[in-house]
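Chemist: If you scroll down you'll find the structure; I have some questions about it.
The values are calculated or read from the model by the stated rules, or taken from the named source; none is laboratory data. Computed from a prediction, not measured in an experiment: that's the story for all the values here. Every residue, glycine as well, gets a Cβ built from its backbone with ideal geometry; the counts of neighbours run over all protein chains shown.
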Amino acid sequence: MPREDRLEKKLRIKEYRYEREQRYLRKRSELDEVLEEVFDQQTLMTIYELMNRRLIKDFYGVVSAGKESRIYYAESGSGETLAVKIYLITSAEFRRTRSMYVLHDPRFRRVPRDFRDFIYLWARREYRNLKDAHDVGVPVPRPYFVRNNVLGMQFIGVDGRRYPLLVEAELEPELYPEIYSKTIEAVKRLYQGAMLVHSDLSEYNIFITPKNDIVLIDLSQAVRVEQPVADELLLRDLRNITRYFGRMGVEAPEPEALFEEITGRPAQP
């Protein structure tokens with residue numbers, strides 16, 4: 001190869017590398033803007049690792065933001081639309097208020113004392129709860145991955161817009177009995193099939209799809225049925241559901257009767 005051609009080839013390679021580096025820097029800059037500068041360096045490194053593995057390809061913006069986490073609309077390298085939930089590393093208060101849901105969980109016998117490690121455990125628990133529920137046909141988002149405090153799951157919505165929550169949905173009155181029946185069936189399958197209690201179920205944690213199906217969300221607090229707090233939390237869920245649908249005109253059994261139907265034993269006073 002003539003010397004001039006070799007030189008031209010080297011220049012093209014350098015130009016290509018420069019353009020690739022610039023694209024990478026632009027993407028990092030755009031990502032930093034999307035992530036609002038609320039995450040610490042370790043969280044950002046976790047996100048970059050997931051992007052390098054193509055588990056996440058692009059972030060498109062915040063779907064919801066709370067004191068404990070942010071949920072982003074994103075896309076995976078294989079084209080699935082994602083809800084990426086990122087737990088904030090903020091306050092040790094989180095560990096104090098959430099320990100009751102973790103204690104005596106047979107799947108996670110060691111409860112970390114370190115706050116960051118506890119957040120990582122909390123994310124793994126939500127992933128496992130979603131997987132256990134999804135595997136037995138409970139209508140929940142399909143989980144895709146978890147790494148440290150970053151959880152990726154199926155996005156429940158279309159074109160970056162989530163479906164409405166039950167409390168937000170504009171339903172015809174005659175639809176509420178059907179939605180109620182689907183909700184109780186989901187609670188029953190969650191308990192009997194996945195061996196889980198949602199523990200935070202209400203009209204604020206149920207999506208309604210365009211076909212009037214339901215999707216249970218936010219299973220981070222779900223507990224195993226053998227945990228000491230399970231019965232109390234199941235009754236609380238059933239009271240929340242009964243109260244809401246009663247306001248919507250649905251004639252529903254008492255929560256204690258539902259508890260016995262689901263568990264096969266009477267509720268303790």
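Chemist: Only one of (1) surrounded by 14 or more Cβ atoms within 10 Å (Cβ to Cβ); (2) of a type in the set (Val, Ile, Thr); (3) at pLDDT below 95 fails for residue 184. Which number is that?
Modeler: (3)
Chemist: Does residue 146 satisfy the condition of being surrounded by 15 or more Cβ atoms within 10 Å (Cβ to Cβ), among the aliphatic types (A, V, I, L, M) and either in contact with an Asp or Glu (Cβ under 9 Å, 6 or more places away or on another chain) or part of a helix (DSSP H, G or I) (or both)?
Modeler: Yes: the conditions hold for residue 146.
Chemist: Write out, first by first residue and then by second, each pair whose Cβ atoms fall under 9 Å of each other, whose residues are 6+ apart or on separate chains, and whose first residue, in the stretch 131-150, is free of Cβ contacts under 8 Å to residues at least 24 places away in the same chain while the second is assigned to a helix (DSSP H, G or I) and of a type in the set (Asp, Glu).
Modeler: Matching pairs, first to second residue: 143/126; 146/126.
Chemist: If you go through the stretch 180-191 one residue at a time, do you hit one that is within 27 Å of residue 72 (Cβ to Cβ) and touching a residue at least 24 places away in the same chain (Cβ under 8 Å)?
Modeler: yes
Chemist: Also, quick follow-up: Among the candidates 200, 135, single out the residue that is closer than 29 Å to residue 117 by Cα and in the same structural domain as residue 226 (by TED's automatic domain parsing).
Modeler: 200
Chemist: If only one of 123, 133 is closer than 18 Å to residue 205 by Cα, within 12 Å of the chain's Cα centre (by Cα) and in a helix (DSSP H, G or I), which one is it?
Modeler: Within the list 123, 133, the selection yields 123.
Chemist: Among the residues of the stretch 68-78, are any in contact with a helix residue (DSSP H, G or I) (Cβ under 8 Å, 6 or more places away or on another chain), farther than 29 Å from residue 229 by Cα and in contact (Cβ under 8 Å) with a residue 60 or more places away in the chain?
Modeler: No, the stretch 68-78 has no match at all.
Chemist: If residue 173 meets every condition in (1) touching a residue at least 40 places away in the same chain (Cβ under 8 Å); (2) in the same structural domain as residue 209 (by TED's automatic domain parsing); (3) crowded, with 16+ Cβ neighbours inside 10 Å apart from one, which number is that one?
Modeler: For residue 173, the failing item is (3).
Chemist: I've got another one for you. Can you tell me which residue among 127, 101, 120, 73 is more than 19 Å from residue 223 (Cα to Cα) and surrounded by 14 or more Cβ atoms within 10 Å (Cβ to Cβ)?
Modeler: After ruling out the rest, the residue left standing is 73.
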